[in-house]
Amino acid sequence: MGPVAEVIFFPVKPNTDPSELLSEATQILSRQKDFRAAYYGPLIEDGKIHCLVFEWKDRAAIDAWTKAYDAHKAKELFEGVVNMEAGLEPFINFTQFTQDITKAMTANVTGFRFFSLPDAKATESVVIKDIIGPAPDMNDHAVITVSKAKGATTGFVWVSKPEMADMGSTICFTEAFGYDSVADHRKWRDTPEHAEVIKGMEPLVRDMGLKAVDVLGKRRSMFEGSGIVHVAFKKIA
C-alpha cells in the first residue's frame, strides 16, 4: 500500500505571496514523525485556486499529527492564505493511495480526477477490491507506456469535505497523473488505447454507479463532467 495524503484545493487571497506563511507551516509539519513531503501550486484551469498536498506514511501518522500541540499553529498559518470571501469553500480530501505519488506530484503538471459511488458502495473494501483491483504495476499501464505520463497513482478517499457528489453518493476514489503538459494529457485522451481504458470502465459505471465529479465546478474542469483538474506543483517540503 502506498502513502496517504491530505489534498486541499482553496481560493488564495488576492495580491498576496503565501510562500512565507506556507514555509512556516511546512517547517512545523517537517518536524512530525512520518511526514514525507508537501507540494504546492496553482490550478492551471483557474489560477485563483491553489492546491496543497501533504504526504504522510500512513493514517496513523495523520491521526498523531491532529493531536500534536503545534497542529493548531500550522492550521492558523494555512488559513492566513485562504480567501474566505471568494464564494468557494476549500475542498479537502484524505486519500489512501495504492502506489507511490512522487512522480505524479513532481511532474510539470499533475492531473487529478475524483469519482463517487452510491453511498452503500462507497467503502474502502469496494474501492480497493472492485474499482482499483489487485495493486497494478502502473509502469505497465497504457497511461505510462502510451500516454507518456510521468507517474500515475490511484486511491481510496476516506474523507471529503464538502461532499460534492450528487445526493445519495459519496466521493471515494481518485486518480493522479503527472504530465509534461496539459496538451500531452489531451493527446492521450484522443488515442485508441484511451478509448479501450474507458470501455473497460463501462461495467463500473453501469453496474456500480461510478461517476466522475467536477469538484471545483464545471468551468474549472478539463471539460464538463470529467472531474479532471491540473496543478503546477512545486515541492515545498
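A few points about this structure:
- Those aspartates and glutamates that a straight Cα-Cα span of less than 19 Å connects to residue 148, excepting residues fewer than 8 apart in one chain: 100, 137, 140, 175, 180, 184, 190, 193, 196
- The stretch 183-236 and the stretch 63-79: distance between their alpha carbon centers, rounded to Å: 33 Å
- Of all lysines in the structure, those lying under 25 Å Cα to Cα from residue 57, and not within fewer than 8 positions of it along the same chain, are 33, 67, 73, 75, 103, 129, 150, 161, 234, 235.
- P(r) of the stretch 4-235 over all Cα-Cα pairs, binned every 5 Å from zero, in whole percent: 1, 6, 14, 19, 20, 18, 12, 6, 3, 1, 0
- Amide proton proximity set for residue 211, modelled H, under 5 Å, gap of 5+: 116
- In terms of packing, defined here as the mean over residues of other Cβ atoms within 10 angstrom, the peptides 211-220, 13-22, 151-160 line up highest first as 151-160, 211-220, 13-22.
- In Hz, Karplus ³J(HN,Hα) per residue of the stretch 85-102 (6.51, -1.76, 1.60; θ = phi - 60°; x = Gly, Pro): 10, 7, x, 9, 6, x, 9, 10, 9, 10, 10, 8, 7, 9, 9, 4, 9, 4
Rule-based calculations on the coordinates, nothing more; no lab input. Not measured: the values here are computed from a predicted model. Glycine gets a Cβ as well: all are built from the backbone with ideal geometry, and neighbour counts include every protein chain shown.
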